[in-house]
Amino acid sequence: MPYIVFLFSALFVIGFVGFSSKPSPIYGGLGLIVSGGMGCGVVVGLGGLFLGLMVFLIYLGGMLVVFGYTTAMATEEYPEIWGSDVIIWGSLMMGVVMEAMVVVWMAWCGGDLVVSLSGLEVWTVFDNSKSEFLREDSLGVASIYDYGCWLMVVAGWTLFISIFIVIEITRGR
Amino acid sequence: MPSIYVNIMLAFATSLLGLLLFRSHLMSALLCLEGMMLSLFVLSSILVLNNHLILTAMLPIILLVFAACEAAVGLALLVMVSNTYGLDYVQNLNLLQC
């Protein structure tokens, strides 16, 4: 189990190298989708089901769809793939070699635990007579409405104002 | 220290490097910025889940909110550049040349 999560994080870095070596943006979007899936796998493997769902729904399903449409609008006729340029090959090879060195170093002489797991759910005792299971991540996010209500107001206001900012930017002359 | 943090921070550094080194498209730089936000989300989620900091679980969600705002503004700027010049090449942004 820790090794699967570490493998997901290694593939996360490989996906990042894939879009940081800057092929055409449509392939960069593909690399970001793969990295998002691997990152979700890391978070879900550590027990955070709600946060993994947030990655897929909001990040991949919301933001990257918008990126995909904008890329389709502003792209060129012959997009360059990963194997087309010496620069892209060089950065890919450098990134993969770097990640392979990190993985080998961690597997051989990283004496600590790969991932520190101490239980997937948290017991919380409410009162003397009973105890319950809690999902710690969704409970923490739900506390935005309780302890973090001012943060929620500021974030909601920021989202609202950013609509007007985007309208003003794209107004043109 | 668990060695998964090394991988996530390496992903952040990789996409920071990709943001700072321009090639031809402005869109690739915006994608690297989104990659940085994704790696910060995963890093803070792992911190919350490993150390059982339950109330800190607000942090990845609020990070996603502000990353969405930033992506929207970046895409609006890219759309305006693309409307003026046809493509989003960074060599088109040359009004302030020496």
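The values are calculated or read from the model by the stated rules, or taken from the named source; none is laboratory data. The model shown is predicted, which means the values in this text are computed figures rather than measured ones. Reconstructed Cβ throughout: ideal geometry from the backbone, glycine too, with neighbour counts over all protein chains shown. Calculation scope for accessible area: heavy atoms of the full protein, side chains included, ligands and nucleic acids excluded. Shrake-Rupley method; radii C 1.70, N 1.55, O 1.52, S 1.80 Å.
Of all the Cα-Cα pairs you can form in region A:130-172, what percent are over 11 Å apart?
72
Divide the volume of the convex hull of the Cα atoms of region A:1-125 by its number of residues and quote the answer in cubic angstrom per residue.
Cα convex hull per residue, to the nearest whole number: 94 Å³.
Total Å² of accessible surface buried at the B-A contact, 1.4 Å probe, nearest 100?
Adding both sides of the contact gives about 5800 Å².
Counting only protein heavy atoms, probe 1.4 Å: which residues of region A:1-42 lose 20 Å² or more of accessible surface in the full assembly compared with their chain by itself?
Buried-area filter returns A:Phe6, A:Ser9, A:Phe12, A:Val13, A:Phe16, A:Phe19, A:Ser20, A:Lys22, A:Pro25, A:Leu32, A:Val42.
Please give the average number of partner chain Cβ atoms lying within 10 Å of the Cβ of each residue in B:82-88, rounded to a whole number.
Mean shielding count: 3.
Measure off, as a whole percent, the carbon and sulfur share of the 1.4 Å-probe accessible area of region A:1-125, all protein chains present.
The value for region A:1-125 is 78 percent carbon and sulfur by accessible area.
Tell me, what are the semi-axes, in whole angstrom and largest first, of the equivalent ellipsoid of region B:48-98 as set by the roots of 5 times the Cα gyration tensor eigenvalues?
Equivalent ellipsoid semi-axes, largest first: 39, 12, 8 Å.
Calculate the mean, over all residues of peptide A:98-107, of how many other protein chain Cβ atoms lie within 10 angstrom of the residue's Cβ.
Whole-number average of other-chain Cβ neighbours for A:98-107 is 2.
Which whole-number value in Å² is the accessible area per residue of region B:2-92, probe 1.4 Å?
The answer is 36 Å² per residue.
Note down, for the protein assembly as shown, the three equivalent ellipsoid semi-axes (square root of 5 times each alpha carbon gyration tensor eigenvalue), biggest first, whole angstrom.
35, 26, 12
With the full set of protein chains in place, find how many percent of the accessible area of chain B is carbon and sulfur; take the probe as 1.4 Å.
74
Hey, can you find the accessible area per residue of chain A for me, probe 1.4 Å, expressed in square angstrom?
Result: 57 Å² per residue.
With the cut-off at 19 Å, report for chain B the share of all Cα pairs above it, as a whole percent.
That fraction is 54 percent.
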